[in-house]
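Report on one structure; see the data block that follows.
Every number in this text was worked out from the coordinates using simple rules, so none of it is lab data. Since the model is a prediction, treat every value here as computed from it, not as a measurement. Note that each Cβ is placed from the backbone with ideal geometry, even for glycine, and that neighbours are counted across all protein chains shown.
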Amino acid sequence: MKKLLISLAVLLVTAVSAQAGPEEDRMAFIKYYKGKFPNVPMEEYANGAYAIDPVGRENWEAIEEFPPYEPFIDRGQVMWEKPFANGKGYKDCFPDGPAIAHNYPRWDREQGLVMTLPLALNQCRKANSEKPLKYKKGPINDILSYIAFQSRGKVVNVEVPKDDPRAMAAYEDGKKFYFTRRGQLNFSCATCHVQNTGLKVRTEILSPSVGHITHWPVYRSKVDWGTVGTLHRRFTGCNKNIRAKPMKAQGPEYRNLEYFLSYLSNGLELNGPGARK
Amino acid sequence: MSLLDKYRIRQAENLEKTMNRVQRWAAVAIVLGLMAGSTALLAGEMKADAATASEAITRAEAAQKKADSVNGEWRDTGKFIKNAKKAVEEGDYAKAIRLANKAESEGNLGYQQAVSQSKLEIPSYLKAMY
């Protein structure tokens, strides 16, 4: 009888976490980090590793006094305002103006996929016979910087609509990706950013997943960046570090991953573009 | 959370630790086996000629494709294959075979790694928070 009860309880624990919805996931992550960093206020999570690394933070605050991403914002504004060859422009695709980063990622019912801001920008370009922008480096970071800056203070509010099972499937797919061990090092995203948050990898403190998406694109001073890069460029880097082959930027895997990861930051304010080591 | 729950979670954690250890050793065993196998192959009757190299590359490419089909490919597998092909062009068949075998083993390991996790498992350190 006792054995049976134990197996039932184990089953229950397993069933609960396997079927947990987005909100249960978010609460579990927050509870975990609260236990690890009891003195870090919720809104600080938007500052990534600098919420938990006092030394790095001082450096970062000094950098933010003369933000290295400023020229990108300025160039992005020019892009936003300049008409395409056909006379139309981004303004026609996004009539609500540039402060729209908080509307992404979102479930796109018509296309049946997770719509991210970079994908929406390129769909706008394509619809107007413009060449799509590359998703990791280059000019996409200018317009993303401008939109991010205009969207500062907006609150992350990702929704997984219950009435479209495809949306939940996309979220689940992203969640699965987050916990799947990959590459020669056999690490998952969670191994570093949940299990080992706060520990050091080489010279960097591992940041919590909550807050990971509030500040893109990011200026990184690291030698092989030295510029502003996209979230999917960061995903690529993290996958390569564990010696896994990265997925395609803005392909379904990374967009679903972004969907899951962004949900975890619900309630936080956007503060992009950001600056990181 | 009751004491019993905590006990169960600890049990689950211990089990996971053991499993991780088992998996790690299994992986090491596979790698060692493959290494031993390929050296034996080279030392034995197999010659390092163009035909053998080309077969090894074909096998490596198949393993790479299999890993990729489950999103399990590792970072350097493609590079090894590319370099193996270059070695063939340069007539260094021994090198080509060595690289191709490395790529093949990576492909197999990456595939196994992915399929062994086909079901989502929330790790115990987080599971306890639900």
Please report, ordered by residue number, every helix of chain A (full DSSP H runs) that is 20 Å or longer along its axis going by C-alpha atoms and whose mean Kyte-Doolittle hydropathy reaches 0.5.
A:2-19
Might you list the cysteines of chain A that have no disulfide-compatible partner by the rule of another cysteine's Cβ under 4.7 Å?
A:CYS189, A:CYS192, A:CYS238
Residue by residue through A:243-250, how many Cβ atoms from other chains fall within 10 Å of the Cβ on average?
4
Simple label model, 7 Å out from Cα along Cβ direction - A:GLU159 to B:LYS119, nm
3.4 nm
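Looking at the range A:204-277, how many pairs of lysines come closer than 21 Å at the Cα, when each pair is eight or more places apart or spans two chains? Please report the intermediate quantities before stating the final value.
Values: A:LYS222/A:LYS240; A:LYS222/A:LYS277; A:LYS240/A:LYS248; A:LYS240/A:LYS277.
Close lysine pairs under the 21 Å cut-off: 4.
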Distance in nm between label sites at A:CYS238 and A:GLU269, each 7 Å beyond Cα in the beta-carbon direction?
2.4 nm
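Go through A:200-211, A:181-192 and give me the packing order, highest mean Cβ count within 10 Å leading. Could you put the intermediate results ahead of the total?
Numbers: A:200-211: 17.1, A:181-192: 19.9.
Top of the packing list down: A:181-192, A:200-211.
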Among the lysines, which have Cα under 18 Å from the Cα of B:LYS95 when same-chain residues fewer than 8 positions away are ignored?
B:LYS47, B:LYS79, B:LYS82, B:LYS85, B:LYS86
Dipole magnitude of the range B:52-97 about its Cα centre, charges +1 at Lys/Arg Cβ and -1 at Asp/Glu Cβ only, in debye to the nearest 20?
100 debye
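Only bridges whose two residues both fall in chain A count here: according to DSSP, what percent of them are antiparallel, nearest 5? Working shown, then result.
On the way: 10 of 13 bridges.
Counting only bridges with both partners in chain A, antiparallel ones make up about 75 percent.
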Is it possible to state the helix-based mean residue ellipticity at 222 nm for chain A, with each DSSP H run of 4+ residues giving -39500 (n - 2.57), the sum divided by total residues, to the nearest 500 deg cm²/dmol? What is it?
-13500 deg cm²/dmol
Dipole-positive endmost among A:TYR32, A:ILE242, A:VAL158 within chain A (Cβ charges, Cα centre)
A:ILE242
Each residue of A:175-187 has, on average, a number of other protein chain C-beta atoms within 10 Å of its C-beta equal to 5
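Hey, got the dipole for the range A:146-224? About the Cα centre, +1 on K and R Cβ, -1 on D and E Cβ, debye to the nearest 20?
Working: 12 positive and 7 negative charges, 63 e Å.
Using only the charged Cβ atoms, the result is roughly 300 debye.
How do B:84-96, A:53-65, A:262-274 rank on mean C-beta neighbours within 10 Å, highest first?
Details: B:84-96: 16.9, A:53-65: 13.3, A:262-274: 21.5.
Result, highest mean Cβ count within 10 Å first: A:262-274, B:84-96, A:53-65.
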Report, as an integer, the average count of C-beta atoms from other chains found within 10 Å of each Cβ along A:22-31.
2
Check: chain A dipole with +1 on Lys, Arg Cβ and -1 on Asp, Glu Cβ, in debye
1220 debye
When we measure straight from the Cα of B:LYS102, which aspartates and glutamates land under 15 angstrom away, once same-chain ones fewer than 8 places off are left out?
B:GLU55, B:GLU61, B:GLU73, B:ASP76
